[in-house]
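Following: one structure in structure tokens, then a few remarks.
The values are calculated or read from the model by the stated rules, or taken from the named source; none is laboratory data. Quantities reported herein were computed from a predicted structural model and do not represent experimental measurements. So basically every Cβ, Gly included, is an ideal-geometry build from the backbone, and we count neighbours across all protein chains shown.
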Amino acid sequence: MEAPLRYAQWRSLYGLSYSVFTTVVDKLKPYITQSQLSLPSDYAVAMVLNRLSHGLSAKTLASRYALEPYLISKITNLITRLLATKLYPEFITIPVSGRRLVETTQGFQELTALPHICGVIDGTSVRLHKLPTDLINPSMYYSRHGFPSILLQVVADHKKIFWDVCVKAPGGFDDATHFRDSLLYNRLILGDIGWDKVMNVRGQHVRPYIVGDSCYPLLSFLLTPFSGNRTGNPAQNTFDEGIMKGRKMVEEAIGLLKGRWKILRDLDVGFNHAPQAIVACCVLHNLCQFAREPEPDLWKEPEESGSAPRVLENEKSFYYYGESLRQALADDLYQQLSSR
């Protein structure tokens, strides 16, 4: 078989190229060996990638590999746990300083004309195949679309690479609640993330910030649109258009994630292992983006909308500063574009 055809066949089976596959195997092999798994490391990784990329159940995969379903589940849980814990710190990192932060903010400025954006945040419901029968309050897991799910929150850069991932909320929760329960929110509120770039815009000191839709709270480190339907003044509408262009990156990143790893369309793993399986797919997504793997067709998310969340007492100073920052950026952008 000629090389291009061979590589295409490999990617169709496992969701990524052979070179990325060998990277995953090399990095996981020491931990798989420690686990005393009775299968070779490359065989175990390939089997799990096949399951994740095609959304196969343990029973279906067991018949293909002539193994018992319980063993397929055990291997899946092992490999996804290792991806979510051992590889996460290497492949999902916040662009705090240096060249990566500069490249990220410059990349977003080229897309949006807005300075200092370092990431875009969004959430998505990951459908669960079924819920345990002993859940105390199963209704909280049902999304607004009517299916059981858990929420995935991601922050992506201009290359559709995730630099933060959080899976902590049932599908019935809203994005703002999930965000406020995340480690990222707490680190930002406490000033624990020391972005070292500061610029002056109309008298406002602007540090790198993330952007999101109106379902998220407006804060000094998270800027949201003035309105969702162009009802602001010309400067505000221009700012909102920039936000929309930036948000397209995270929407496409989520579409790619579910396009590559079809198991996220109907997550058929043990309930307690679902979060690690989702995070594992996010790690694999980044590996593919770093390697510039061919992008599959985007999975189309259902349209979602929601009202702006109320401002909490501990957020008021961040909110007022965020209002000032947003208006200064809007006025500055509008003036720049009007003078061209």
Considering only region 186-237, state which residues are aliphatic (A, V, I, L, M) and in a loop (DSSP other than H, G, I, E, B). Leu190, Ile193, Val198, Leu218
Please go through region 188-206 and give me each residue that is farther than 12 Å from Leu329 by Cα and surrounded by 14 or more Cβ atoms within 10 Å (Cβ to Cβ), ordered by number. Leu188, Ile189, Ile193, Trp195, Lys197
Which ones in region 35-55 are surrounded by 17 or more Cβ atoms within 10 Å (Cβ to Cβ) and either acidic (Asp, Glu) or in a helix (DSSP H, G or I) (or both)? Ser41, Ala44, Val45, Ala46, Met47, Val48, Leu49, Arg51, Leu52, Ser53
Show the residue pairs that are 6+ apart or on different chains and have beta-carbon atoms under 9 Å apart, the first residue being within region 179-204 and free of Cβ contacts under 8 Å to residues at least 60 places away in the same chain and closer than 20 Å to Thr104 by Cβ, the second being polar (S, T, N, Q) and assigned to a helix (DSSP H, G or I). Asp192/Asn186
List pairs: first residue in region 98-112 and at positive phi, second residue at pLDDT 95 or above and part of a helix (DSSP H, G or I) anywhere in the structure, Cβ distance under 8 angstrom, at least six positions apart or on different chains. none
Is there a residue being among the small types (Gly, Ala, Ser), surrounded by 15 or more Cβ atoms within 10 Å (Cβ to Cβ), out of contact with any His (no Cβ under 8 Å at 6 or more places or on another chain) and farther than 19 Å from Asn272 by Cα anywhere in region 56-72? yes
Tally time: how many residues in region 175-185 are farther than 15 Å from Val120 by Cα and outside any loop (DSSP other than H, G, I, E, B)? 4
Could you tell me whether Thr93 is at pLDDT 95 or above and polar (S, T, N, Q)? yes
Here are some residues: Ile121, Ile75. Which one is in the same structural domain as Arg11 (by TED's automatic domain parsing) and either within 30 Å of Tyr216 (Cβ to Cβ) or at pLDDT 95 or above (or both)? Ile75
Here are the criteria: (1) crowded, with 18+ Cβ neighbours inside 10 Å; (2) not assigned by TED's automatic domain parsing to the domain that holds Asp122. Tell me which single one Pro309 does not satisfy. (2)
